[in-house]
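J.: Before I ask anything, let me first share the structure, which is written out below as structure tokens.
The values are calculated or read from the model by the stated rules, or taken from the named source; none is laboratory data. For clarity, every value in this text was computed on a predicted model and none was experimentally measured. Positions of Cβ are backbone-derived with ideal geometry, glycine not excepted, and every protein chain shown enters the neighbour counts. Accessible surface areas use protein heavy atoms only, side chains included; no ligands, DNA or RNA. Shrake-Rupley method; radii C 1.70, N 1.55, O 1.52, S 1.80 Å.
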Amino acid sequence: MEALHQEMILDHYRRPRNKGELEGADASVALRHPGCADEIEVQLAFDGERVSDVKFLGHGCSISQASASMMTEAVKNRSASYVEQLYSKFRSMVTGEVLDEESTKSLGEMRALSGVSKYPIRVKCALLAWNALETALEQGLQRIG
Ligand code: ZN
């Protein structure tokens, strides 16, 4: 299981999905995790209350970059309320809380990051992209009114 998880994390790290500049983004938030020299910028575009597109930029450790890559795939074309729920589940998983089966299932590939809960510094790596996403989501929704 550990090896499988490692493989999936490295795959996203080496071939990040949705990495680059998002033309016409409605919101953009950059965050740093100095403890690990990770940097992530999340850019969002909205269609009403739906995240119509998402991209990220940044560099850092494999956990931070893989988490960002997986996050973009998970939230693209999802409603803001779905994204909020997913953020909450992801947060619970990486901080070591026990999730019910349905919640665990909804995390999909991101379950590969569950092992970070044992390492507090890694929890921050895994959450960096999500924290940026959360702020970008608030910004974007405010702008839409
Ligand atoms: Zn890191």
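J.: About its Cα centre, how strong a charge dipole does the chain have in debye, to the nearest 20, once Lys and Arg get +1 and Asp and Glu get -1 at the Cβ?
T.: 300 debye
J.: Using +1 at the Cβ of each Lys and Arg and -1 at the Cβ of each Asp and Glu in segment 26-145, identify which of SER69, SER79, ALA27 lies farthest towards the dipole's positive end.
T.: SER69
J.: So, with a 1.4 angstrom probe, what is the percent of accessible area on the chain that is carbon and sulfur?
T.: Carbon plus sulfur share of accessible area: 48 percent.
J.: Sticking with this one: Which GluC sites (Glu not before Pro) does segment 82-119 hold that lie in a coil by DSSP with at most 16 other beta carbons within 10 Å?
T.: Answer by residue number: GLU97.
J.: Below 21 Å, Cα to Cα, which lysines can LYS118 reach? Residues fewer than 8 away in the same chain don't count.
T.: Output for LYS118: LYS89, LYS105.
J.: At what distance in angstrom do the alpha carbon centres of segment 92-110 and segment 9-24 lie from each other?
T.: Here the answer is 23 Å between Cα centres.
J.: Right, here's the next one. Pairs of Cα atoms under 8 Å, at least six residues apart: use those to get the relative contact order of the chain, whole percent.
T.: The value is 29 percent.
J.: Same structure again: Under a point spin-label approximation (7 Å from Cα along Cα-to-Cβ), what is the GLN85-HIS5 distance to one decimal in nm?
T.: 2.5 nm
J.: Taking springs between alpha-carbon atoms closer than 10 angstrom, which of VAL123, VAL98, VAL75 fluctuates most in the Gaussian network model of the chain?
T.: VAL98
J.: Moving to a separate point now. Quick one: among GLU39, GLU23, GLU73, which has the greatest mean-square fluctuation in a GNM of the chain with alpha-carbon springs under 10 angstrom?
T.: Checking each option, the largest mean-square fluctuation is seen for GLU23.
J.: If you roll a 1.4 Å probe over the heavy atoms of the protein chains, what accessible area per residue do you get for the chain, in Å²?
T.: In whole numbers, the chain has 52 Å² accessible per residue.
J.: Roughly how much of THR104 is accessible, in Å² to the nearest 10, using a 1.4 Å probe?
T.: 50 Å²
J.: Further question on the same structure: Given the Cα-Cα distance of ARG143 and THR95 and 0.36 nm per residue of separation, how much length would full extension add, in nm?
T.: Between ARG143 and THR95, full extension yields 14.2 nm more.
J.: Could you work out which residue, out of ILE63, ILE40, ILE121, moves most in a Gaussian network model of the chain, that is, has the largest mean-square fluctuation with Cα springs under 10 Å?
T.: Result for the chain, Cα springs under 10 Å: ILE121 fluctuates most.
J.: If I take R0 = 25 Å and measure r between the Cβ atoms of ILE121 and ALA30 in this structure, what FRET efficiency does the formula 1/(1 + (r/R0)^6) give, to the nearest 0.05?
T.: 0.80
J.: Once Rh is set to the Kirkwood radius over Cα pairs, what Stokes-Einstein translational diffusion coefficient, in µm²/s, holds for segment 1-58 at a temperature of 10 °C and a viscosity of 1.306 mPa s?
T.: 122 µm²/s
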